[in-house]
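The values are calculated or read from the model by the stated rules, or taken from the named source; none is laboratory data. These numbers come from a predicted model, not from an experiment. Cβ coordinates were reconstructed from backbone atoms using ideal geometry, including for glycine residues, and neighbour counts include every protein chain displayed. For accessibility, only protein heavy atoms count, side chains too; no ligands or nucleic acids. Shrake-Rupley method; radii C 1.70, N 1.55, O 1.52, S 1.80 Å.
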Amino acid sequence: ETAVFQTPNYHVTQVGNEVSFNCKQTLGHDTMYWYKQDSKKLLKIMFSYNNKQLIVNETVPRRFSPQSSDKAHLNLRIKSVEPEDSAVYLCASSIGTGGQNTLYFGAGTRLSVL
Amino acid sequence: GDSVTQTEGQVTVSESKSLIINCTYSTTSIAYPNLFWYVRYPGEGLQLLLKVITAGQKGSSRGFEATYNKETTSFHLQKASVQESDSAVYYCALGDPSSFSKLVFGQGTSLSVVP
């Protein structure tokens, strides 16, 4: 099956802890993304990678750091989580880097920070 | 920066009635944007419904249509007769073809189709 796979589906943690989310795509795409969907359902891009290189880095707190081992994997680490980090994190991929490309999304990782 | 505004919140429509979800956009790019509708069905991930990359063109999928109108900067989603299976959350989005892809999404519209 070709798709975008995210783990875990759901994670509960306490303020100050470190968390990591994994994303893998089997679509053969070159570009991967992390989006954040907040409590108001607003979707905003955080990072984008093309062939392991960071190409988009929106204004995101420094405790967030993406990690790409190859073009099929893009992980997200959050050092010392804050309550406002509670959200759904969506991973996506696309064939190319231009704004005309269709994004393929994973099911999301829901983070709850207590 | 770029922004997308769509019909806010929850929309409830009776089965077989017509639907329109409004979407307007704003861009600072010199290029005409690419426009998308994404949908999230219950229990599923976000997926593309339709897209139009040329101003003046119409996209269609699953009975839905949207026309890219650069004069009114709009990309409204329409369907003549909705079904219960259309119940989902719909997102309008904009992509700038002159820069690296970072889709800008509207706030989402939750559609509930009732019998």
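Over every Cα atom in the protein assembly as shown, the radius of gyration and the widest Cα-Cα span, Dmax, amount to 17.6, 51 Å. In units of the compact-protein estimate 2.2 N^0.38 Å, region B:66-115 shows a Cα radius of gyration of 1.41.
Under the simplified labelling scheme, the residue A:7-residue B:61 pair shows an inter-label distance of 2.9 nm, with each label point 7 Å from Cα along Cα→Cβ. Rounded to the nearest angstrom and listed largest first, the equivalent-ellipsoid semi-axes of chain A from its Cα gyration tensor are 23, 14, 13.
Stretched out straight at 0.36 nm per residue, the stretch from residue B:100 to residue B:54 would grow longer than its current Cα-Cα span by 14.8 nm. With Cα atoms as the point set, the radius of gyration and Dmax of region A:18-84 evaluate to 12.1, 35 Å.
Above 13 Å, the calculated P(r) of region A:1-48 contains 70 percent of its Cα-Cα pairs.
Given a Förster distance of 30 Å, report the FRET efficiency between residue B:17 and residue B:71 from their Cβ-Cβ distance, rounded to the nearest 0.05. Could the numbers behind the result be given before it?
Details: r = 28 Å, r/R0 = 0.94.
Calculated value: 0.60.
Structural descriptor for chain B: relative contact order 38 percent, calculated from alpha carbon pairs under 8 angstrom and at least 6 residues apart.
For region A:85-95, backbone phi angles converted through the Karplus equation (6.51, -1.76, 1.60; θ = phi - 60°) give residue-by-residue couplings of 7, 4, 4, 9, 9, 10, 9, 8, 9, 8, 5 Hz, Gly and Pro being listed as x.
Working note: Karplus 6.51/-1.76/1.60 with θ = phi - 60° gives region A:10-23 the couplings 8, 9, 10, 8, 10, 3, x, 7, 9, 10, 9, 10, 10, 9 Hz, where Gly and Pro are set to x. Within the shell defined by Cβ-Cβ distances under 13 Å, the residues around residue B:52 carry a net charge of +2, with Lys and Arg each +1 and Asp and Glu each -1. Loop-resident GluC sites (Glu not before Pro) (DSSP state other than H, G, I, E or B) in region B:57-88 with no more than 11 further Cβ atoms inside 10 Å of their Cβ: B:71.
Under a 5 Å amide H cut-off, with hydrogens placed 1.01 Å from N, residue B:76 pairs with B:23, B:67 among residues at least 5 apart or on other chains. For chain B, the equivalent ellipsoid built from the Cα gyration tensor has semi-axes of 25, 14, 12 Å, listed from largest to smallest. Ratio of Rg to Rh for region B:32-95: 0.97 [Cα atoms; Kirkwood radius as inverse mean 1/r over pairs].
Computed from point charges on the beta carbon alone (+1 for Lys and Arg, -1 for Asp and Glu), the dipole magnitude for the protein assembly as shown about its Cα centre is near 260 Debye.
Considering only B:68, B:90, B:38, the Gaussian network model of chain B with Cα springs below 10 Å gives its largest mean-square fluctuation to B:38. Working note: Karplus 6.51/-1.76/1.60 with θ = phi - 60° gives region B:19-29 the couplings 9, 9, 10, 7, 9, 10, 10, 9, 9, 9, 6 Hz, where Gly and Pro are set to x.
Modelled spin labels at residue B:107 and residue B:10, positioned 7 Å past Cα toward Cβ, are 1.6 nm from each other. Ranked by solvent-accessible area (1.4 Å probe, protein heavy atoms only, all chains present), the residues A:36, A:44, A:79, B:51 order from largest to smallest as A:44, A:79, B:51, A:36.
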